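Single-structure report; data block below.
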Amino acid sequence: MPFKTKLTRLLSVDHPIVLAPMGGVSGAALAKAVSTAGGLGLIGASYGNREWMTAELAGMESFQKPWGIGLVMFTVIKQMELLHLALSYRPHVVALSFGDPAPFIGPIKDAGAKVAVQVHDLDQARTALSCGVDLLIVQGCEAGGHSAGRSSFPLIPAVRDSVGESIPIIAAGGVGDGRGLSAALALGADGVMMGTRFAVTSESLFSGKVKAHLVAAQAKHTVRTRAFDIVRGIDWPLGYSGRVIANKFSDAWIGREAELQTCRDEVGVVYQRAVEQDDLDFRAVWAGEIVDLIHDVRPASQVVKETIAEAEKASLAVSKFIITE
Ligand SMILES: Cc1cc2nc3c(=O)[nH]c(=O)nc-3n(C[C@H](O)[C@H](O)[C@H](O)COP(=O)(O)O)c2cc1C
């Protein structure tokens with residue numbers, strides 16, 4: 001039983017599975033692998049780095065399946081030429097997160113792409129809808145990387161009730177396999193965005209060392225913090241923090257963020273050197289609670305295929321729990 005939803009119809013894809021636009025992790029190889037497998041691959045351009053974007057977007061030239069790109073709004077708004085660079089490669093979808101979508105909608109629609117906006121509460125969902133977005137990404141705080149305070153289970157149906165039936169909703173955060181896909185559809189979503197699971201695939205740009213670290217990690221090892229944003233000098237809006245695998249750096253600075261702010265320049269130099277060496281004691285390895293469900297590194301196509309097969313099984317399994325007499 002294939003899962004045909006408003007999402008698959010709007011995007012002309014086979015499966016309601018979207019690759020999260022993970023900064024520096026979702027490059028051309030991973031995006032193409034997910035799209036080729038029938039989902040929607042999104043390049044993770046994140047805060048916007050021209051050199052990185054140009055290299056990865058070049059990999060999408062002449063790619064025939066639907067694909068897209070994700071941008072973080074509060075940084076890209078200061079360098080809108082990067083939006084135009086992305087649009088010049090003719091993505092089918094631009095996924096916007098963290099910021100005000102209004103200034104982005106016109107240029108994206110003029111370029112013929114669909115606009116997806118990630119939201120974290122009901123107010124943001126209504127605002128995005130009033131801006132004329134094509135898709136909503138509803139993100140819960142189980143997610144890897146940055147999120148706000150609400151968890152997916154109550155948030156997805158509340159957004160669905162609030163925005164009505166016609167707009168496709170993509171559930172992000174806490175989906176690691178087909179059981180999560182099946183549950184998200186039951187809650188009122190039309191598909192899922194998976195980040196942490198795809199970060200641990202053969203095509204992800206994470207190093208082998210980081211992937212092995214994530215295979216060994218558990219949800220109890222994750223923490224939410226702004227310490228890595230402070231040390232990187234990224235001025236995140238209030239209300240957001242990033243879920244990451246705890247390490248010596250987070251152990252040292254969680255609870256001492258104000259102090260970190262004052263010595264950011266010197267700690268930042270040490271931090272940057274550690275990142276270049278892929279030092280797991282220092283560098284941020286963003287990961288969500290579904291890390292408990294990851295036991296190996298697999299090709300992205302296998303993740304897509306098995307997620308669909310498991311979702312079919314999970315949907316059938318639900319009926320077994322229903323007592324009819
Ligand atoms: C390694 C990693 C990097 C991420 N980077 C970004 C990013 O640059 N921009 C963004 O909007 N979201 C980013 N996210 C969040 C994802 O877009 C998505 O919301 C999240 O991964 C979904 O939850 P899951 O990890 O439980 O699948 C990142 C997530 C991970 C795991």
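Things worth noting here:
- Considering each residue of the range 166-176 in turn, at least one proves to be open to solvent by 20 Å² or more (accessible area, probe 1.4 Å), within 29 Å of P299 (Cα to Cα), within 12 Å of the ligand (Cβ to nearest atom) and of a type outside the set (S, T, Y).
- Filtering the range 94-130 to residues that are among the aliphatic types (A, V, I, L, M) and either away from the ligand (no atom under 13 Å from the Cβ) or open to solvent by 10 Å² or more (accessible area, probe 1.4 Å) (or both) leaves A102, I105, I108, A111, A113, V115, L122, A125, A128, L129.
- Test: residue in the range 190-205 that is basic (K, R) and crowded, with 22+ Cβ neighbours inside 10 Å: yes
- Residues of the range 295-325 satisfying the condition of being touching a Ser or Thr at 6+ places or on another chain (Cβ under 7 Å) and either of a type in the set (F, W, Y) or within 16 Å of the ligand (Cβ to nearest atom) (or both): V297, R298, A300, V303, A311
To keep it simple, each residue is scored yes or no on (1) in contact with a Leu (Cβ under 7 Å, 6 or more places away or on another chain); (2) more than 27 Å from E56 (Cβ to Cβ); (3) free of Cβ contacts under 8 Å to residues at least 24 places away in the same chain.
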site: V175; (1), (2), (3): yes, no, no
site: G188; (1), (2), (3): no, yes, no
site: S204; (1), (2), (3): yes, no, no
site: Q218; (1), (2), (3): no, yes, no
site: W236; (1), (2), (3): no, no, no
site: D251; (1), (2), (3): no, yes, yes
site: I254; (1), (2), (3): no, yes, no
site: E259; (1), (2), (3): no, yes, yes
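- Residue in the range 10-25 that is at pLDDT 95 or above, open to solvent by less than 30 Å² (accessible area, probe 1.4 Å), within 13 Å of the ligand (Cβ to nearest atom) and farther than 18 Å from E306 by Cα present: yes
The values are calculated or read from the model by the stated rules, or taken from the named source; none is laboratory data. In this text, all values refer to a predicted model and were calculated from it rather than measured experimentally. Here Cβ is always computed from backbone atoms with ideal geometry, including for glycine, and neighbour counts include all displayed protein chains. For accessibility, only protein heavy atoms count, side chains too; no ligands or nucleic acids. Shrake-Rupley method; radii C 1.70, N 1.55, O 1.52, S 1.80 Å.
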